[in-house]
Amino acid sequence: MEAYKTWVRRNKDYVHSLESLANGLTWLLPERFSTSEIGPEAVTAILGIVTAINEHIIDTTPSERHPGSADPSSFPYGLCISALKDLETLVEVVAEQYYGDKKWNFIAVTEAIKVIVRLALFRNSGYKMLLHGGETPNVEKSSDDTGSQHRIGGFPRPGGHYHGAGLLQNNHGSNPWTIEGRALSALSRFGETARMVSGPVWFQRIQQQHAIMAPPTSVIKRPTLSMILSEKGVNGALFVLGEILFITRPLFYVLFIRRYGIRSWIPWFLSLGVDFIGFGFLSHVTKSGMVEREQWFHLSASEKDEVKRRKLLWALYLMREPFFSKYTRQKLESTERLLEPVPLIGTLTSKLVELIIGAQTRYTYMSGS
């Protein structure tokens, strides 16, 4: 396995090219496996899992600056979630062919496993916002590692100091961002320099050797739920609850489809309501005018992109039953009939509508997680 990891890391461009070629060839598979959808779905799932494994190997490459930055003992949550998402479509197709309406039992089990893994990742990461459902690590990258801080939805990096209520302090108990704090910090550095210059050479060498051999004094601690609740109060609870709703919504949706059927409006409205409530909690705690200053949630750039991505996922409700059958499909077919006489555009529109309807029919519940 180590030899394969080394090969992938050294030839990542070549690996990406092979993956793109293989994914492109999967478009030819339905013609060759026209009697069953299991074949092409199995090939697509295997390619997706292999791609996820290769990306995980590349992303965990130890850097020259921090050779031990990639922790091999940590559980690969992102890889596990990616593999489950690649398998869920195959599970649905296989269950549909062999078990019919009982397929929802298998889909519910798959969604439950995803929920467990995501909740474990949410807790293990210090209650950070999940990016792309947990497939992408929520880590702020900075060129200056000593001064950078990784935020947890508004919380500082584990082991760092807190911005709120003057808790970001230096050794003298002063805020380093104020004039007084910078002055005290400069005086402290000047005193240390003076002691090094005036002290004996042998004593300086002993100090340097001791600094090299001594273990690091700072202990990195990830924020706990009690820490979040104590620092952020009600807004911390709303943030955590909003993320839990986002994580568990697909499972609720599938369970209600299993209970009431795919044509019922109850699962559709329930899922939409959970999405709106969770996003409402997030919007409330990130609007500075709505909460106290020490309870603000400052989203990082990647977290802001994740919020935009979640808004775009609402478009999937147009493709979910029963909304699709009653409204979306009718609009698509009327548009197809309207543009059918137009040369080229009519043909392209017909192919596009056929592709959309086929995709919606094959992947009925479209969890969008």
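The values are calculated or read from the model by the stated rules, or taken from the named source; none is laboratory data. This is a predicted model, so every value here is computed, not measured. As a convention, Cβ positions derive from the backbone with ideal geometry for all residues, glycine included, and neighbour counts pool all protein chains shown. Each accessible area value is taken on the protein alone, full model and side chains, heavy atoms only, with ligands, DNA and RNA left out. Shrake-Rupley method; radii C 1.70, N 1.55, O 1.52, S 1.80 Å.
Each residue in the range 263-281 was checked for being more than 16 Å from Leu238 (Cβ to Cβ) and either at pLDDT 95 or above or open to solvent by less than 40 Å² (accessible area, probe 1.4 Å) (or both), and 10 pass. Listed by first and then second residue, the pairs linking a residue in the range 242-254 that is part of a helix (DSSP H, G or I) to a residue that is of a type in the set (Lys, Arg), with Cβ atoms under 7 Å apart and 6 or more places separating them unless they lie on different chains, are Ile247/Arg118.
Which members of the range 343-358 meet the condition of being open to solvent by 60 Å² or more (accessible area, probe 1.4 Å) and more than 26 Å from Val93 (Cα to Cα)?
Filtering the range 343-358 for residues open to solvent by 60 Å² or more (accessible area, probe 1.4 Å) gives 343-345, 347-348, 351-352, 354-355.
Within the range 343-358, Pro343, Leu344, Ile345, Thr347, Leu348 qualify.
One residue stands out among those in the range 298-326 that are among the aromatic types (Phe, Trp, Tyr) and open to solvent by 40 Å² or more (accessible area, probe 1.4 Å): the one that is nearest to Leu282 (Cα to Cα), which is Trp314.
For first residues located in the range 75-94 and assigned to a loop (DSSP other than H, G, I, E, B), partners that are at pLDDT 90 or above and lie 6+ apart or on another chain with Cβ distances below 8 Å form the pairs Phe75/Ala120; Phe75/Asn124. Looking only at residues in the range 119-137 that are part of a helix (DSSP H, G or I) and open to solvent by 10 Å² or more (accessible area, probe 1.4 Å), the one that is nearest to Ala301 (Cα to Cα) is His132.
If only one of Thr26, Thr44 is modelled with pLDDT of 75 or more, open to solvent by less than 90 Å² (accessible area, probe 1.4 Å), among the polar types (S, T, N, Q) and touching a Ser or Thr at 6+ places or on another chain (Cβ under 8 Å), which one is it?
Exactly one of Thr26, Thr44 is modelled with pLDDT of 75 or more, open to solvent by less than 90 Å² (accessible area, probe 1.4 Å), among the polar types (S, T, N, Q) and touching a Ser or Thr at 6+ places or on another chain (Cβ under 8 Å), namely Thr44.
Within the range 175-182, does at least one residue satisfy the condition of being open to solvent by 30 Å² or more (accessible area, probe 1.4 Å) and at pLDDT 50 or above? Yes, the range 175-182 contains a residue that is open to solvent by 30 Å² or more (accessible area, probe 1.4 Å) and at pLDDT 50 or above.
Residues in the range 96-118 that are small (Gly, Ala, Ser) and either closer than 20 Å to His56 by Cα or at pLDDT 90 or above (or both) were compared, and the one that is least open to solvent (accessible area, probe 1.4 Å) is Ala108.
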